[in-house]
Each structure stands twice: as structure tokens, then as C-alpha cells.
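Novice: I have a structure I would like to understand better, so I am pasting it below and will then ask my questions one at a time.
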Amino acid sequence: METSFQNGKIVARGKFWEDAVYDAFANDLRVRFNGKGGITNYSVCNHPGSYLRTSYLNVFVNGVKLDAFTDKTVEMIGRTQKIVLDAVGGKIEVFQFIPKRGNALCCEIIAEKAAKYDFAFVFGDASKTFAYAADAENEHVPENHSVYLHTNKSARFVCAFGSDEENCKDILSRFAALKKEVEDEIRSVKIPASAKTEKDKALYVSSIFCALENYQEIGEYKGFSAGCNYTNPIRTYFRDAYWTVLSMYRDHADLVHNEILTLAHGIDENGDCPSAVTFELNPHWRNHYDSPSFFVLMVYDYINRTGDFSILDEIAAGKTVYDHCALVMEKLAAYEDDAHLIVKEGPYNKRDWADEVNRIGYVTYLELLYARALYCFSRIAGKRDAAAAARYHEMFLRTKKAIDDLLWDDRKGYYINYKNGDFVEDNFSVDTIVAVLFGLCDEKKTGRLLDNVSKLLETRNNKIQRAGDFGVMSVFPFYRGIDRYHNKSSQDYEYHNGAVWPYLSALVAYAQLMNGRDFSYALTSSFDWNIDRGNYTPIEYYSPIHPDGSLLQAWSSDAALVYDWQDVDFFRENEAVWEKN
């Protein structure tokens, strides 16, 4: 389909038969619109099996079915998709959305001119039951697995799976208010001046909604899901959430506050942090090596950008946030060896973001996060425990030096990926870009590392890899050895082994921006690639020779960071905050 952008919307033009797949996510529900008035996925959160795979919309005007080659325009933004059909006798607008709360798909149909209209909602998965309500003449024909609406101009239709008719009637009675709520949410997004082109605006708005739609509240649980595929059970990940909330500090810092308190519930009495915390506030996949650092980093960032030190005294799971920070830092410090680096014990330890690769021993990404956490906690401890602040700052300096001494490859001009005894995986992993973001390498190393990002990881410049120009690779060269990886990552150009992860591409863009370099390719290449392929919501990862990752992946929202924080380096210390307190 032909795609353009308008005031933050993604606009696709084509024929009625063509797909325009678009994910929408809310507190209780995930839906994938198909750009034809139907859906290709409907999942109720925390209710496995309450889903529908496929539905269709057929349109009849004066008894004549609308042709599959009818021209259409599809507009996508926020939790909505609008299809405008160029029907004989006038346009027909089909507006679909999901409410911010509630289990229901809402559809409003408005024709430009009065006529006899019949709209057939065909539910192709006959094994699933559904409930519905409508404000127009209608009939349900179970034998056809269909609902038919009959109207002369307009109609509203609500359907739900895993629910009942009363719920649908309730949603229908509040249809106008719920529609206004999702439209007001769209209007509330403040596009920064740094988003200069219509494409920039669409990328920015798409990024903001990628985070907002993944935010959910269930009792005490208040956090950002990793993506709309992570609904059974609903859960929030330490690392995914850290990168996701970077897009929230400008206008939604209160949600970052909530995320911190939710993550705190997953911290064990001994300081272990799991990969994630479920909606029941239980740990999910215990003892990850990057999660503790991300918790401390998020607390620091929140204070650094809001000046709200009171969060340190808030209670979660029986301890203050400050106590949780101290606890996880003690746990991390216990992994240190005599070289002042933490050791990730093996032999098959995948407990960090690259969870299909056996990165063991000294993993540069983990060491960089640990160094940053040491620095951040030394600042957090500042006014409370001078001795602890001094001790952790000294530890920071030692670890930072050890990273440079043991993990920087001066011949190659970047940090090695990991080192375990005599084995050195000396490929270039994009996750080491955090060294630049966090100011952990000097000007010379920064320059050489960024040069190699462009030379090796930006596929437009890498003439050795053979898959063409498709964005910023996660690693190059690919992992070596027989048992270094498993599952998807065992394939070149796939998952952690060379695929593109838009959240990491955006971090590369921000590092380039803050160092006066061209950042447009790293920022927009993933958006361009996926729009061209009909992926209209931010994707988890992708490769030109392997299947796509999931859509509406929360941490892919951090492209908004690059637009929001061009005038101030987000990761640098906000001196006014720390001097005042």
C-alpha cells in the first residue's frame, strides 16, 4: 500500500482487499486491526483462550457487495484505526477503537449519503463464542457465524470475546464517552519542535503510544508490559521497562514513579532481581544480572529528571525504595572478583537481555550497567549515608578503569562482547553503546566506537555482511563457537545474532546525536523498513531473511527519547537537582 504521514497519523492508501495490520493495546485487551474493518487477533489479558484469530467485514450498498478493489484510505494512530471506503454513491467511514479500560472492540460506521446499507461482521473462528450489541437493526445468524447490521446511514457495533451481552450493552451506552477518551488521548500528545517532518511526527507519536498502550494497572500492579504479546500473564520487565520509560519523562513521569514501585515488589530478600514482575507482584524468571542495575538506574533517572527525592522513602514490599536500591547493590557487589568486575557464572547462563546467548564471565554490557549503577547509587546515597556514597563512588572508579583495561580492544576500536578465561568473543555488540550514553568512555574511545557503529553495525556501510541495507545490526560479526547460542539466535541475522532491534537503534541515534554526528539513519531506518513492509506499529526486532518479532513492543518507544531530549543530554547529571538536595 502507498503510505504517507499526516499530523502524527500513519496513512495507507490502497484497495479494500489489502491488509493494513495495526495493533492496539489497552488495560484489558489487545486487538490487531486488519485495515478492512475486521481483526486478525483479539486477546483478553490474563485470560488464555479468550481470543479470536480472524474476523471480516463485508459491506453491501443497496444490496450490492462492495468490490474488493474499492479504493480505501486507512488512518492509524493511538488505539484507533479508521478506514474510508470510496463506495459508489459516497464515502463510507469505518472507525474502530478499543477503550482504555474494558473488554470490547468498538466500531462506528458512518456513510456520506443515505442508502440501504448492510454490514456483515463475519467471525471466522467458529469455535469461539462472542457477545455483541448494536444501535441499529441487527440479526445474529449462528450458522454463518455472522452479525448483520442494517441501516440507512450510520451504526455503532460493539463485540467482545470472553464476555457477555451485558458488558457489550454497557460499552455501547458509553460509546461516545469512550471514543472521546481515546481521541483526547491522541490530542494530548505534544509533538516537540525537533520532530520537523511529517514522518518525524508520525514516528514520535507512534513511539509515545507504543509506551502508553503498554501501561496497565491491575490492583497494586502498575507498570509497562514488554509488549502486547505479553498478556498471559501480564508482566513488566526490569530491562524493558527501563528503556520504555525514557519516552515518558517529559509528560508522564507519574507512570515512571508507578513502575519503580511495581518493580520493587520483585526484589528478593537477598537482593536478587528477576527478569520481570507479574500482575500478582510475583517474580518471573529469577536472578537476572542486568535487572538490579536497571532498577537503580531508573530510580536515579527519575530523581535526576523530576527532583522528586521523596520516592526514596516510599514503601514497596515492606521496604523503602532506598533500601531496595542498597540491597540490590550489595547483591551485585558480591559478584565482583579481584579485578573489580562482576562475574556471570556459566556455562549456560543466559540471564540478561541476550537470553538466547551463553555470554558468561565478564560480559561488557553487564559491566557497563554495573558501573553506571555504582555511580548512580553513590549519588542517591549522597545525603543519607556519606560513607556508603564514598565507598560506592570509589567502586565505580575501579570498575570503570577495569572495563577499560580488560574489555576495550584498542586494535579493533570497540569493547569486546564478553570474556571468559581464555575465550574472548570479540565481536561488536550494539548493547555496548551504553558506554557512550552513560559517559563511561573518554572522548577518543567514544569517537572510535561510534566510527565502528557506522562501519560495522549500520548495514548501509557494512560491505561484508550479505543481507543488504536494513538498519543497525545487534552484533557483528556473528557469534562463533558450537554452543554459544540456541533457538532463534543460532541463526545468522536473527534475534540476538544480527537482527535489528529498534530500541537499540534509537539508543545508537541518541549517542550519535549527543556527540554531534548524523543520527538520522539509526533513528529512522527501522521505521522506514517496517512501514514499507506494512508493519504500522513499532516492532520488537526484524531481519531481512527471518520472520519478524512482535509488534507494539514497549521498549521500541525509546525513539521518542531522541526527539524529546535534544536540548539536554538526558543521561547527564542535572546539577540543579543534586545541588539543591
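Novice: How about segment 438-458: which of its residues are surrounded by 16 or more Cβ atoms within 10 Å (Cβ to Cβ) and over 19 Å from ASP426 (Cα atoms)?
Specialist: Passing the criteria: PHE438, GLY439, LEU440.
Novice: At pLDDT 95 or above, in a loop (DSSP other than H, G, I, E, B), in the same structural domain as PRO544 (by TED's automatic domain parsing) and surrounded by fewer than 17 Cβ atoms within 10 Å (Cβ to Cβ), is that true of ARG480?
Specialist: No.
Novice: Looking at (1) surrounded by 17 or more Cβ atoms within 10 Å (Cβ to Cβ); (2) assigned to a helix (DSSP H, G or I), can you tell me which one HIS340 breaks?
Specialist: If we test HIS340 against (1) surrounded by 17 or more Cβ atoms within 10 Å (Cβ to Cβ); (2) assigned to a helix (DSSP H, G or I), just (2) comes out false.
Novice: Within segment 443-463, which residues are in a loop (DSSP other than H, G, I, E, B) and out of contact with any helix residue (DSSP H, G or I) (no Cβ under 8 Å at 6 or more places or on another chain)?
Specialist: THR459, LYS463 - these are the residues of segment 443-463 that are in a loop (DSSP other than H, G, I, E, B) and out of contact with any helix residue (DSSP H, G or I) (no Cβ under 8 Å at 6 or more places or on another chain).
Novice: Sort through LYS169, LYS113 and tell me the only one that's in the same structural domain as LEU57 (by TED's automatic domain parsing) and of a type in the set (D, E, K, R).
Specialist: Among LYS169, LYS113, only LYS113 is in the same structural domain as LEU57 (by TED's automatic domain parsing) and of a type in the set (D, E, K, R).
Novice: Ok, one more. Specify which of the listed residues (THR231, THR306, THR278) is in contact with a helix residue (DSSP H, G or I) (Cβ under 9 Å, 6 or more places away or on another chain) and touching a residue at least 40 places away in the same chain (Cβ under 8 Å).
Specialist: THR306
Novice: Considering LEU246, LEU261, which residue is part of a helix (DSSP H, G or I) and under 24 Å from GLY318 (Cα atoms)?
Specialist: Answer to the selection: LEU261.
Novice: With respect to the numbered conditions (1) among the basic types (Lys, Arg); (2) part of a loop (DSSP other than H, G, I, E, B); (3) surrounded by 23 or more Cβ atoms within 10 Å (Cβ to Cβ); (4) under 23 Å from the mean Cα position of the chain (by Cα), which one is the sole condition not fulfilled by ARG351?
Specialist: The number of the failed condition is (3).
Novice: Turning to a different aspect of this structure: Given the structure, is SER55 of a type in the set (Gly, Ala, Ser), in contact with a Gly (Cβ under 6 Å, 6 or more places away or on another chain) and either under 28 Å from TYR148 (Cβ atoms) or free of Cβ contacts under 8 Å to residues at least 12 places away in the same chain (or both)?
Specialist: yes
Novice: Touching a residue at least 12 places away in the same chain (Cβ under 8 Å) and assigned to a loop (DSSP other than H, G, I, E, B): does that describe ASP19?
Specialist: Answer is yes for this residue.
Novice: If VAL430 satisfies all but one of (1) among the β-branched types (Val, Ile, Thr); (2) touching a helix residue (DSSP H, G or I) at 6+ places or on another chain (Cβ under 6 Å); (3) crowded, with 19+ Cβ neighbours inside 10 Å; (4) farther than 30 Å from PRO347 by Cβ, what's the number of the condition it fails?
Specialist: Against the list (1) among the β-branched types (Val, Ile, Thr); (2) touching a helix residue (DSSP H, G or I) at 6+ places or on another chain (Cβ under 6 Å); (3) crowded, with 19+ Cβ neighbours inside 10 Å; (4) farther than 30 Å from PRO347 by Cβ, VAL430 comes up short only on (4).
Novice: Hey, another quick one. Given the structure, is ASN27 over 24 Å from HIS150 (Cβ atoms), at pLDDT 95 or above and under 23 Å from the mean Cα position of the chain (by Cα)?
Specialist: Yes.
Novice: Closer than 27 Å to ASP355 by Cα and in a helix (DSSP H, G or I): does that describe VAL256?
Specialist: So VAL256 passes the test.
The values are calculated or read from the model by the stated rules, or taken from the named source; none is laboratory data. The structure presented is a predicted model; accordingly, all values stated were derived computationally and were not measured. Heads up, the Cβs are rebuilt from the backbone with ideal geometry, glycines too, and the neighbour counts pull from every protein chain shown.
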